[in-house]
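Okay, structure first, notes after.
Since every read-out is calculated from the coordinates, none of them should be taken as a lab result. None of the values given here were measured: they were computed from a predicted structure. Neighbour counts are summed over all protein chains in view; Cβ atoms, including those assigned to glycine, are modelled from backbone coordinates with ideal geometry.
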Amino acid sequence: MQHPQAQIVKPRPIRLTTRTGVEVQRLLPQAGLRKVGAWVFLDHFGPTIADDSMVVAAHPHTGLQTATWLLDGLVEHRDSIGSVQTLRAGEFNLMTAGRGIAHSELGLVNPMVPFDQAKLMHAVQLWIALPDTHRQLAPSFEHHANLPRVAGRGFSAKVFVGTFHGATSPATVYSPLVGVQLGIDGLETVMVPLDHHFEHAIIPLTGSLTVDGRHVEAGEMIFLPVGDAGVMISAGRAGTQALLIGGTPFQENLVMWWNFIGRSHAEIVEMRRLWNARGSEESIDVAASHDRFGAVFPDQVGGWIPAPDLPNVELRPR
């Protein structure tokens, strides 16, 4: 049965300001849908084979958590608090930026798969907005290699955030959320349980789905508002994988610009100034930048990405 408020979102192609100009498919934020719970950003990349599938030089974040989920590939994460971590498919990296952090990401050749697949990359990058009570936390980093799995009638799931069907992820989050890689086992329609306090979104990743009677192509997203305790899903082929995210509606207004989340235009201006100060010739400015975002850290990418110019309008919370 179709939910009258269900919304299908088509991705927007975005060329990232990285060294390789990688194109991703952006599903959040959109003009008509800015948040799903505290999930405020979602880029889907691949599956593709590329020499430079992920080469992202050091860049900052504030006021959020970055959540990196791989279906295929290897990625090396390095950050300004000293974390160095290789992420593999089915594992989970969660970086809490808090008041400020910098990190880089580098796709690696995978020696554990056949040569023609060694550069395959399929990834989802998400941001979680931190509530005002926690957005000035000291930065931290978590890596979770052994996430809980759970199975229901006709589906299986790996839970990377929150609780789903009785299984709970060890990842630390600061508002009620869920994040799951969902597998539809066969071709029959299955009932997937949902928390009726949450709004949800489902993104087919490896094939199309029919969700409560609505056809959703791979790479699209269907948004489901609060109130449903379950959803009927069928797949065009057995073993189709999807992403399920959700949470209680996030009521705080945010200012999101570039890699920063704040609460006012003035905050964003100051974050940008401090980050770009690391390119200053004045040692006091460089010290202020390092105090906020951490010092320069060695990696295989090198350099850092300056924040772009601000628009000629005041950024308003929404």
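For GLY90, what residues show an amide H to amide H distance below 5 Å, using hydrogens built from the backbone and excluding near sequence neighbours?
Long-range HN contacts for GLY90: LEU70.
Roughly how many Å is it from the Cα centre of segment 209-243 to that of segment 246-318, as a whole number?
36 Å
Taking the Cα centre of segment 56-186 as origin, work out the dipole magnitude from +1 charges on Lys and Arg Cβ and -1 charges on Asp and Glu Cβ, in debye rounded to 20. Display every interim value, and only then the final one.
Numbers: 8 positive and 9 negative charges, 40 e Å.
Here the size comes out at about 200 debye.
To the nearest 10 degrees, how steep is helix 283-293 against the longest Cα principal axis of the chain, on a 0 to 90 scale?
Here the helix axis deviates by roughly 20 degrees.
With charges only on Cβ, +1 for K and R and -1 for D and E, what is the dipole size of segment 142-237 about its Cα centre, in debye, rounded to 20?
With only Lys, Arg, Asp and Glu charged at Cβ, the dipole is about 260 debye.
What does the charge dipole of the chain about its Cα centre add up to, to the nearest 20 debye, if the Cβ of each Lys and Arg holds +1 and the Cβ of each Asp and Glu holds -1?
Charge dipole of the chain: 380 debye, to the nearest 20.
Among GLY227, PRO60, LEU74, flag the residue with its Cα farthest along the positive direction of the charge dipole of the chain, charges on Cβ as +1 for Lys/Arg and -1 for Asp/Glu.
GLY227
List the residues, sorted by chain then number, that are 5 or more residues from PHE141 or on another chain and whose placed amide H is less than 5 Å from its amide H.
THR96
What are the lysines whose alpha-carbon lies under 24 Å from the alpha-carbon of LYS10, with same-chain residues fewer than 8 places away excluded?
LYS35
Would you mind ranking TRP275, TRP258 so that the residue whose beta carbon has the fewest other beta carbons within 10 Å leads the list?
TRP258, TRP275
Which one of PRO139, GLY179, SER169 has its Cα pushed farthest toward the positive end of the charge dipole of segment 135-196, where Lys and Arg give +1 and Asp and Glu give -1 at the Cβ?
After comparing all options, I get PRO139.
Apply the Karplus parameterisation 6.51 cos²θ - 1.76 cosθ + 1.60, with θ equal to phi minus 60°, to every residue of segment 247-252 and state each ³J(HN,Hα) to the nearest whole Hz, in sequence, with x for glycine and proline.
Each residue's phi maps through the Karplus curve to give x, 5, x, 8, 8, 6 Hz.
What are the ³J(HN,Hα) values, in whole Hz, obtained from phi via the Karplus relation 6.51 cos²θ - 1.76 cosθ + 1.60 with θ = phi - 60°, for each residue of segment 229-238 in sequence order, with x given for Gly and Pro?
So the J values, rounded to whole Hz, are 9, x, 9, 8, 10, 9, 10, x, 8, 5.
Would you compute, from DSSP H runs of 4+ residues alone, the mean residue ellipticity of the chain at 222 nm, taking -39500 (n - 2.57) per run and dividing by the full residue count, rounded to the nearest 500?
So the calculated ellipticity at 222 nm is -2000 deg cm²/dmol.
Relative to the first principal axis of the alpha-carbon coordinates of the chain, what is the inclination of helix 265-276, with its axis defined by its Cα atoms, in degrees from 0 to 90 and to the nearest 10?
70 degrees
Which of the lysines could be linked to LYS119 by a straight reach, that is with a Cα gap under 26 Å, when you skip same-chain ones fewer than 8 residues away?
LYS158
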